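As structure tokens, the structure follows; a few thoughts come after it.
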Amino acid sequence: SKRLRPLTDTTPKCLLKIGHENLLERTIENVLSNNVNDFIFVTGYKEDMIKDFVKNRFPGINKTFITNPDYENNNNSYSLWMTKEYVKGNILLLDSDILFDEKIITLLLTSGHENCLAVNFTDNLDEEQIKVILDKENRVVEIGKEISIEKSAGESIGIEKFSGYFMKELFAILDRKISIENNVNEFYEASFQEVINKGDSRNSIYASDVSDFTCIEIDTVQDYENAQKIINHNE
């Protein structure tokens, strides 16, 4: 949220309004429209505002809240690790700062792959984006910020579908990194890479092309303004 100040001085990023609804509201509605009703929220900054909003706006969903008390010093891999006692099967994993079309969720759920992630296929990439290198069958070979821009097929936008089998492998890696190595400040894509590197075909991750759909990550004030323009145009 720091790069969005002063917008986030009094409001967590996910509650910033884009048009007439905030980011979290739009995300939950997109998931619900795909007949998924079970939610786990990992909260930190100004979490009471998030909890109150969800409880009041979506009283009927099945919801679990987990507090990440040291959110300022750890990264999303730690937040994901905190869900290990609650995730027992297939999941959708979403970052909270994305404005996206509900059809992206539909595409992942109907992809035919147990593990897949949404990729904006583009050559307009930079060092800050989570990029993917794919094989000829659109399986993810490498994922991360540091990989070659020239070899990358596009940007992983932060929306994934994973099987229970994959998550078991992923949580084992996160357990080692966090509990033993004290590696708490890492993006979870680094652990995706470790699962991929094991070479188990059941853990292959496929890229789903979402470049035809609206999707923008909100990291900066400029991103926020661009998102407002997109919504104003579409709605």
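The values are calculated or read from the model by the stated rules, or taken from the named source; none is laboratory data. Here the structure is a predicted model, which means the values were calculated and not measured. Ideal geometry is used to build each Cβ from the backbone, glycine not excepted, and the neighbour counts take in all protein chains shown. In case anyone asks, the SASA skips ligands and DNA or RNA and just uses the protein heavy atoms, side chains included. Shrake-Rupley method; radii C 1.70, N 1.55, O 1.52, S 1.80 Å.
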Exercise. Would you point out the residue of segment 139-158, among those that are more than 20 Å from Leu94 (Cβ to Cβ) and basic (Lys, Arg), that is most open to solvent (accessible area, probe 1.4 Å)?
Key: Lys151
Quiz item: Taking Ala227, is it at negative phi and either assigned to a helix (DSSP H, G or I) or open to solvent by 80 Å² or more (accessible area, probe 1.4 Å) (or both)?
Solution: yes
Quiz prompt | The listed residue being at pLDDT 95 or above, more than 27 Å from Asn30 (Cβ to Cβ) and open to solvent by 10 Å² or more (accessible area, probe 1.4 Å), out of Lys161, Lys136 | solution = Lys136
Exercise. Look through Thr10, Thr43 and report the one residue that is within 18 Å of Ile98 (Cβ to Cβ) and out of contact with any Gly (no Cβ under 7 Å at 6 or more places or on another chain).
Key: Thr43
Quiz item: If a residue has to be open to solvent by 20 Å² or more (accessible area, probe 1.4 Å), assigned to a strand (DSSP E or B), more than 18 Å from Met82 (Cβ to Cβ) and in contact with a helix residue (DSSP H, G or I) (Cβ under 7 Å, 6 or more places away or on another chain) to count, how many in segment 20-70 make the cut?
Solution: 0
Practice problem: For segment 185-208, indicate whether the set of residues that are touching a helix residue (DSSP H, G or I) at 6+ places or on another chain (Cβ under 8 Å), surrounded by fewer than 16 Cβ atoms within 10 Å (Cβ to Cβ) and modelled with pLDDT under 90 is non-empty. | Solution: no
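Working only within segment 103-133, note down all residues that are outside any loop (DSSP other than H, G, I, E, B), polar (S, T, N, Q) and surrounded by fewer than 17 Cβ atoms within 10 Å (Cβ to Cβ).
Thr106, the sole residue that qualifies.
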Quiz item: Name the pairs: first residue in segment 25-39 and farther than 18 Å from Phe53 by Cβ, second residue open to solvent by 20 Å² or more (accessible area, probe 1.4 Å) and in a loop (DSSP other than H, G, I, E, B), Cβ to Cβ under 8 Å, at least 6 apart or on different chains?
Solution: Ser33/Glu102; Asn34/Glu102
Exercise. Please state which one of Asp175, Asp212 is among the acidic types (Asp, Glu), free of Cβ contacts under 8 Å to residues at least 12 places away in the same chain and surrounded by fewer than 17 Cβ atoms within 10 Å (Cβ to Cβ).
Key: Asp212
Self-check item: Given (1) in contact (Cβ under 8 Å) with a residue 24 or more places away in the chain; (2) more than 20 Å from Glu217 (Cα to Cα); (3) open to solvent by 70 Å² or more (accessible area, probe 1.4 Å), index of the condition Ile91 fails
Solution: (3)
Quiz item: Do any residues in segment 147-172 that are over 16 Å from His113 (Cα atoms) and touching a residue at least 24 places away in the same chain (Cβ under 8 Å) have Cβ atoms under 7 Å from those of residues that are in a loop (DSSP other than H, G, I, E, B) and open to solvent by less than 20 Å² (accessible area, probe 1.4 Å), where the two are at least six apart or on different chains, and which pairs are they?
Solution: Ile157/Val210
Exercise. Output the number of the condition that Phe187 fails; it satisfies all remaining conditions of (1) part of a loop (DSSP other than H, G, I, E, B); (2) over 20 Å from the mean Cα position of the chain (by Cα).
Key: (2)
